[in-house]
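**Student:** Just passing along the structure, written as structure tokens.
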Amino acid sequence: MNLVRAVPGIGLPALAGTGRARGRALARLLLTGCCVPLLALAAWSAPGAPGSDDPPARQEEDVKAAFLYKFPAYVEWRPGTFEQTSSPIVIGVTGDDAVAEALRALVAGRKAGERPVQIRQLAPGAFPVGMHLLFVGRAASSLVPQLAPMAARQGVLLVTDYEGALDDGSAINLLVIDRRVRFEVSLDATERAGLKLSSRMLAVALWVRPAR
């Protein structure tokens, strides 16, 4: 049985320009130390925003990239995951070149806390070695049932973006609802991976599936 968590509305800074420009502005806010929590991201109107001159998918890519950049800060990783405090956070992407490109633009030359962030693109079906978070786009969704147990064994946070992904073993699934990018969580999947998610993150999730 799924648990539903209601997410209240929240005001965002007024950002001028087209949808693509507003997406880039959000990225800049995230990277310059402005406090933009996951709740604000969840309230960000993404694809098909009224008045936008940009293609809906391009706005969606930026918001998904921002989520992927922010998620690691809300994860308690397995002991020994990082050799040093300066060891990088490695985010892998497969099945969505556009999100990978948006992520690279977002994190270029910057850090997540004290850690640099590295983006790696995987060939379809490649084994996710040396990663902390793996995003599997819709184009590679058929591989999730195969990748999920690999990710769990290695303590990798598996993130997807298609309907029914939690049933396939995903830990976090991004969904577009009413022109907003939201996310649902499977605590069963995170526990199998030996990961703990912050209560602040769970509080703004659309759905939280409890551990069995």
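**Student:** Of all beta bridges DSSP finds with both residues in region 133-199, what is the antiparallel percent, to the nearest 5?
**Tutor:** Working: 6 of 12 bridges.
Taking every DSSP beta bridge with both residues in region 133-199, the antiparallel ones total about 50 percent.
**Student:** Continuing with the same structure: Aspartates and glutamates within cross-link reach of Lys70: Cα-Cα under 18 Å, excluding same-chain residues under 8 positions apart?
**Tutor:** Glu60, Glu61, Asp62, Glu101, Glu114, Asp161, Glu184
**Student:** Rounded if a/c is under 1.5, else prolate if a/b is larger than b/c, else oblate: which is region 119-212, with a ≥ b ≥ c the root eigenvalues of its Cα gyration tensor? Could you put the intermediate results ahead of the total?
**Tutor:** Details: a/c = 1.72, a/b = 1.22, b/c = 1.40.
In terms of gyration-tensor shape, oblate.
Read-outs throughout are calculated quantities, based only on the coordinates presented, and are distinct from any laboratory measurement. A quick note: this is a predicted structure, and the numbers were derived from the prediction, not measured.
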